[in-house]
Structures are given as C-alpha cells and as structure tokens.
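Structure first, commentary second.
The values are calculated or read from the model by the stated rules, or taken from the named source; none is laboratory data. None of these values were measured; they are calculated from a predicted model. Cβ: placed from backbone, ideal geometry, glycine included. Neighbour counts: every protein chain shown. Heads up: the accessible areas ignore ligands, DNA and RNA and are worked out on the full protein's heavy atoms, side chains in. Shrake-Rupley method; radii C 1.70, N 1.55, O 1.52, S 1.80 Å.
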Amino acid sequence: WAGAGFFNCNSLNVNYYSAVATDDGLTTGAIPPGQSLISATNDGDANHIITLPVFAAGRTLRIFTTQAFELRTPDPDNIGINGGTGSGAESAIAASTIVDCSCMTTTNWVCTQISNVGATTAVQVAA
C-alpha cells in the first residue's frame, strides 16, 4: 500500500497510513486492514470518502485530519458507524479533528471525535 509505514517506539508498534479521500472511498481512500494511525486528507473535496477497514473485532484506529471528509464502512448497508446503516451511509467529519474508531461487533464501528479545542463528542451516526 502506498503511504503505509511501520515504526516501533520503545516496543509500541504502530502502523501508519496516509489516506486520501476519493469519490467512492476506494483506492487511496480505503484504510487497509491492520492500520492503526491514519493521516487523512480530502484532495480538495469535503464530500470525498475515507472507508474504514473490513471487520476486525476489537480493532481500534485513530484518524488525524486537517481537512473535512466523509467516513464510511466497507459495507454501509450492513456495517454501521455508531449504529447507522443504509445505502451509501456515511458520517461527516469536520476539519481539524481526531477521530477514534473501535470495531465493536461484526455490524458496527463506534467512533468519537476530538475537536481542535479538545471537545470530545460522538461522530455523527452514519446516514
């Protein structure tokens, strides 16, 4: 994967990936399995999509962004973000945000966001 990397900080293994949101959330917009730290950009369009990886129970990842984008699961009809599913369902992510997502079940990712002033809130339910 282009942009993928791995580094070890005193026995803390972190997989790093640079994602670029796309029209459909594929190619550079798809977060590969096993990544835990993601830097996301939107290529100039806040309606472009970053797609979470396929289901992995207990997987947690963190996305850093200075640009707004839409967040989606690989199967939005059946796998939700904060309980929201549907055809093309996605969650809006604001610029200058840190997003933490945990894959809780085979059908749901739970995501929170930290704003640029430190306020923590739930990510918008995918719709």
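One table, with the values for the structure above:
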{"quantity": "Carbon and sulfur %, accessible surface of the chain computed with the full protein complex present, 1.4 Å", "calculated": "56"}
{"quantity": "Relative contact order (%) - criterion: Cα under 8 Å, at least six apart; region: the chain", "calculated": "18"}
{"quantity": "Identified option (computed volume of the Cα convex hull per residue in Å³; candidates (1) 87; (2) 126; (3) 96)", "calculated": "(3)"}
{"quantity": "Point-to-point label distance, Thr66-Val117, nm (Cα→Cβ direction, 7 Å offset)", "calculated": "2.1"}
{"quantity": "Spatial separation of Cα centroids for the stretch 94-109 and the stretch 17-42, in angstrom", "calculated": "13"}
{"quantity": "Cβ-based charge dipole, the chain, positive-most Cα from Pro76, Gln35, Ala95", "calculated": "Gln35"}
{"quantity": "Rounded to the nearest 20 debye, dipole of the chain from Cβ charges on Lys, Arg, Asp, Glu", "calculated": "440"}
